[in-house]
1. Given Thr61, Thr65, Thr43, which one is touching a residue at least 40 places away in the same chain (Cβ under 8 Å), among the polar types (S, T, N, Q) and within 14 Å of the ligand (Cβ to nearest atom)?
2. Specify which of the listed residues (Val70, Val103, Val82) is in contact (Cβ under 8 Å) with a residue 40 or more places away in the chain and more than 10 Å from the ligand (Cβ to nearest atom).
3. Pick from Ala157, Ala104: which is assigned to a helix (DSSP H, G or I), at pLDDT 95 or above and crowded, with 17+ Cβ neighbours inside 10 Å?
4. If Asp83 satisfies all but one of (1) touching a Lys or Arg at 6+ places or on another chain (Cβ under 8 Å); (2) more than 23 Å from Leu166 (Cα to Cα), what's the number of the condition it fails?
5. Examine segment 21-29 for a residue that is free of Cβ contacts under 8 Å to residues at least 12 places away in the same chain, within 16 Å of the ligand (Cβ to nearest atom) and not aliphatic (A, V, I, L, M), and state whether such a residue exists.
6. Name the helices (runs of 4 or more DSSP H) wholly within segment 1-84 that hold at least 2 residues that are more than 25 Å from Pro182 (Cα to Cα)?
7. Inside segment 132-144, can you point out the residues that are within 11 Å of the ligand (Cβ to nearest atom) and either of a type in the set (Gly, Ala, Ser) or farther than 19 Å from Ala186 by Cα (or both)?
8. Take the conditions under 17 Å from the mean Cα position of the chain (by Cα), over 15 Å from Gly12 (Cβ atoms), of a type outside the set (A, V, I, L, M) and buried (at least 17 other Cβ atoms within 10 Å of the Cβ) and apply them to Thr61. Does it pass?
Amino acid sequence: MRRRVAVVSGGGTGIGAAIAGALVGDGYDVLIVGRRSEVLEATAQRSGVEWGRSGAVRPVTADLTDPEQVGRVVDALAGRKVDVLVNNAGGRRGGGTGTLADVAAYWRANLDANLLTAVLLTEALLPHLCRPGGRVILVSSVAAQRGGGGAYSAAKAALHGWAYDLAVELGPDEVTVNVVSPGYVADTEFSGERTTPEERARQVAGTLLGRVGTPEDVAAAVRYLASPAAAYVTGQVLGVNGGSVFGR
Ligand SMILES: NC(=O)c1ccc[n+]([C@@H]2O[C@H](COP(=O)([O-])OP(=O)(O)OC[C@H]3O[C@@H](n4cnc5c(N)ncnc54)[C@H](OP(=O)(O)O)[C@@H]3O)[C@@H](O)[C@H]2O)c1
């Protein structure tokens, strides 16, 4: 039987690494994509050992804001079809004050990191998606729904609008497109960099469940959307936020 293939952008760290691990556990071969090869190599090796499937996770080093580098993911597929594409790469880029040129750089950096990475990778992989049955999953943020992140919020919110159009485009081929929108997820490079103990406590207090989210919480939602159980779910935003924002 053909082994299923998943592509996870930002799969070398944090939420993406947890998603890649969950999909390996479900029997997928997984390509993880990021800019730092040593980080990707270490995660690929760790995941293979953990699941007793060495070689199941393969690193692809590419800056997904660069159209030329995105082609490396297609090359790494070596003709195989993609069952599941998870656009998880992103994060908050700082700046935003100063000259208009500074403002432009801040907005471009956030749109590039969170929107363009997903758009370019998806466009490159569209011809290689399994039809029927393929899955496209976008990792957004609660910041898209409640604000608070400036250009980051706007870039993540743009993923939602684009996901709806993509769901319309791919629906007739029985390919689903959904967004997973995490709340605060502790212990990733992204959250670790910017979180003081006070901020962490504030985030916990904002949930109904009284704890931070984990990368595994988000991976479980992605795993569901990738599964046959979610075959009739498309064009949806699934919040994984401990109740910090109600569904919308
Ligand atoms: N942690 C949270 O609280 C939280 C909450 C809501 C949403 N999110 C979202 O969840 C996703 C994963 O975040 P995380 O918390 O797991 O943080 P993270 O560990 O910093 O993960 C971000 C990943 O994206 C990759 N990446 C960034 N820019 C890239 C580019 N231009 N090309 C290729 N890869 C790129 C990074 O790898 P390289 O640096 O090696 O490229 C890294 O592996 C992000 O989209 C983030 O916005 C996180």
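The values are calculated or read from the model by the stated rules, or taken from the named source; none is laboratory data. What you see is a predicted model, and the numbers here were worked out from it, not measured in a lab. Because the Cβ atoms are built from the backbone with ideal geometry, glycine has one as well, and the counts that use them run over all protein chains shown.
1. Numbers: Thr61 fails: touching a residue at least 40 places away in the same chain (Cβ under 8 Å); Thr43 fails: touching a residue at least 40 places away in the same chain (Cβ under 8 Å).
The conditions single out Thr65.
2. Step by step, each of Val70, Val103, Val82 is checked, and only Val82 is in contact (Cβ under 8 Å) with a residue 40 or more places away in the chain and more than 10 Å from the ligand (Cβ to nearest atom).
3. Details: Ala104 fails: crowded, with 17+ Cβ neighbours inside 10 Å.
After ruling out the rest, the residue left standing is Ala157.
4. (2)
5. Our first condition is that a residue be free of Cβ contacts under 8 Å to residues at least 12 places away in the same chain; within segment 21-29, this holds for none.
There is no residue in segment 21-29 that is free of Cβ contacts under 8 Å to residues at least 12 places away in the same chain, within 16 Å of the ligand (Cβ to nearest atom) and not aliphatic (A, V, I, L, M).
6. Details: elements: 14-25, 37-51, 67-77.
Once the helices (runs of 4 or more DSSP H) in segment 1-84 are filtered for at least 2 residues that are more than 25 Å from Pro182 (Cα to Cα), what remains is 37-51, 67-77.
7. So in segment 132-144, the residues within 11 Å of the ligand (Cβ to nearest atom) come out as 138-144.
Listed by number, the residues that qualify are Leu138, Ser140, Ser141, Ala143, Ala144.
8. On the way: under 17 Å from the mean Cα position of the chain (by Cα): yes; over 15 Å from Gly12 (Cβ atoms): no; of a type outside the set (A, V, I, L, M): yes; buried (at least 17 other Cβ atoms within 10 Å of the Cβ): yes.
So Thr61 does not fit the description; no.
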